[in-house]
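Asks: Take this structure first; my questions come after.
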Amino acid sequence: VSAGGTVFWGWDGAGPLPSYALADGAPEPDPRAALEPDTDGGWRIVSERVTVAVSRRGAVEIRTPGGLLLRRDLPPRWWEPVETSGGTGPAGGAAPSGSADASGAARWMQRSEVPADARFFGLGGRSGGPRLRDGSYGLRSTAPRGRSGRGDVPSHLAMPVQFIVSDAGTHLVFHDNSRNGRVVLSEGEEGAGSGHDRPGTCEVRMEGGPLRCWVVVGTPARVLHGWAALTGAPALPPSWALGPQHAHGGSGGAAEVRGAVDAYRKHGLPLSAVH
């Protein structure tokens with residue numbers, strides 16, 4: 001836990017470095033944070049801006065200083081590589097489909113819970129907008145081919161970063177992993193009257209790579225400032241990049257691109273870039 005309210009945790013010996021995203025290395029731990037015993041044999045780290053509780057079964061809870069729950073990360077599951085010969089499994093059968101990817105790296109999955117009123121945003125720039133509804137969202141380290149529809153991963157940006165807002169507070173969660181993966185989200189529901197709340201859930205599946213995570217808590221402005229401090233401030237783009245752009249997803253070559261530009265001119269529409 002850093003002094004700015006940034007939390008790092010890693011499983012299976014994963015440390016913060018080396019990282020493909022951190023700008024100036026990992027932030028220094030807060031020397032004032034105290035490690036204390038928690039209930040049922042667990043432990044907690046108490047700092048000025050955030051409390052982190054770890055149960056004896058491995059669940060990690062991020063709480064506000066007042067004790068309100070922001071998120072609960074359950075213990076992960078791994079699918080380790082299976083020793084096979086010639087791509088076959090035991091007795092000459094096919095290798096288990098969920099065991100490992102082609103490179104032999106272990107896949108992993110982690111499920112998390114957030115308050116019932118929490119809403120999800122982020123995972124990069126998407127054609128459906130920043131709000132993430134219930135559904136499955138792909139994470140790719142390389143751009144997919146073809147056009148992208150509503151809710152699909154666009155060809156320009158996909159990031160394992162979620163911005164989560166609830167009455168208890170705001171937090172950002174970043175899984176520092178550049179491998180391909182998938183995120184499945186389900187919003188919670190507040191119970192009516194004496195009914196129980198149903199928490200929101202997030203399931204992250206990655207095709208290998210380290211299982212490590214950064215969480216930034218605070219007000220929305222503080223969270224965004226902490227994210228910029230962690231990964232670096234965005235570069236100021238050139239002026240043409242701030243104008244109207246046309247994202248071309250076809251495969252017709254130069255003639256198709258020129259046709260798109262001519263259509264903008266014909267209809268008198270502004271255009272700064274085609275990509």
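The values are calculated or read from the model by the stated rules, or taken from the named source; none is laboratory data. Owing to the predicted nature of the structure, the values given are computational and were not obtained by experimental measurement. Neighbour counts run over all protein chains shown; Cβ positions are idealised from the backbone, glycine included.
Asks: Does region 31-52 include one or more residues that are surrounded by 15 or more Cβ atoms within 10 Å (Cβ to Cβ), hydroxyl-bearing (Ser, Thr, Tyr) and not in a loop (DSSP other than H, G, I, E, B)? Break it down stepwise before answering.
Replies: Of region 31-52, the ones surrounded by 15 or more Cβ atoms within 10 Å (Cβ to Cβ) are 33, 38, 42, 44-47, 49-52.
Then keep just the ones that are hydroxyl-bearing (Ser, Thr, Tyr); that gives 47, 51.
Imposing the further condition that a residue be not in a loop (DSSP other than H, G, I, E, B) reduces the set to 51.
Yes: one or more hits.
Asks: A further question on this structure: So the check is Cβ under 8 Å with 6+ separation or different chains; which pairs have a first residue in region 247-272 that's at pLDDT 90 or above and surrounded by fewer than 10 Cβ atoms within 10 Å (Cβ to Cβ) and a second one that's among the aromatic types (Phe, Trp, Tyr) and part of a helix (DSSP H, G or I)?
Replies: Filtered contacts from region 247-272: PRO270/TYR264.
Asks: In addition: Go through region 210-239 and give me each residue that's assigned to a loop (DSSP other than H, G, I, E, B) and crowded, with 20+ Cβ neighbours inside 10 Å.
Replies: Within region 210-239, PRO210, LEU211 meet the criteria.
Asks: Further, regarding this structure: Just the residues that are of a type in the set (D, E, K, R) and in the same structural domain as TYR20 (by TED's automatic domain parsing), please, taken from region 221-266. Please lay out each step first, then the result.
Replies: Kept after step one, since they are of a type in the set (D, E, K, R), are these residues of region 221-266: 222, 256, 258, 262, 265-266.
Residue satisfying the conditions is ARG222 alone.
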